[in-house]
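Contents: one structure, followed by commentary.
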Amino acid sequence: MNKSELIDAMAESSGLTKADAGRALDGFIGAVTGALSRGDSVTLVGFGTYAVKERAERLGRNPQTGKEITIKAAKIPGFKAGKSLKDAIK
């Protein structure tokens, strides 16, 4: 499902217009992005939690040369599914 298909599904299930559903989805994405950029997490009970995860520095290999390289530590966005979501896809 891509973004436009998600907007269509949101509009159909909520009774919103497609334009309103699109603005709602954009607002949700903006709110989650803003919270994660501040280092906060976003918890939707039953659905899941969006949070920033720390990835440690590690050794890797350049696939073209086979030479070892150091991959820098990084902060990455992560999602952990909640119980209701896990149960719904079994």
Count neighbours as other Cβ atoms within 10 Å of each site's Cβ, and list the GluC sites (Glu not before Pro) in the stretch 11-86 that are DSSP loop with at most 12 such neighbours.
57
From the backbone phi of the stretch 11-28, what are the Karplus-calculated ³J(HN,Hα) couplings (6.51 cos²θ - 1.76 cosθ + 1.60, θ = phi - 60°) in whole Hz, Gly and Pro given as x?
5, 5, 7, 9, x, 7, 6, 4, 5, 5, 5, x, 5, 5, 5, 4, x, 4
Quick one: which residues, 5 or more positions from residue 48 or on another chain, have an amide H under 5 Å from its amide H? H modelled 1.01 Å from N in the peptide plane, none for Pro or chain starts.
82
CD proxy, 222 nm, the chain: helix-only mean residue ellipticity via -39,500 (n - 2.57) per DSSP H run with n ≥ 4, per residue, nearest 500, stands at -13500 deg cm²/dmol
Average projected area of the Cα convex hull of the stretch 1-47, in nm²?
3.8
Using 0.36 nm per residue, how much length does the chain from residue 47 to residue 90 gain when fully extended, once their Cα-Cα distance is taken away?
14.0 nm
Choice from 53, 75, 18 with maximal GNM fluctuation in the chain (Cα, 10 Å cutoff)
18
Under 28 Å between C-alpha atoms, the lysine pairs in the chain lying 8 or more places apart or on different chains count 19
Here the relative contact order (percent) of the chain, from C-alpha pairs under 8 Å and at least 6 apart, is 21
Karplus-derived 3J(HN,Hα) from phi for the stretch 66-81 (6.51 cos²θ - 1.76 cosθ + 1.60, θ = phi - 60°), whole Hz, x at Gly and Pro, runs x, 6, 6, 9, 9, 9, 5, 5, 8, 9, 10, x, x, 9, 10, 5
What does the convex hull of the alpha-carbon atoms of the chain project to on average, in nm²?
8.9
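All of the numbers you see were taken from the coordinates with simple rules; none came from a lab. The model shown is predicted, which means the values in this text are computed figures rather than measured ones. Virtual Cβ from ideal backbone geometry, glycine too; neighbours counted across all protein chains shown.
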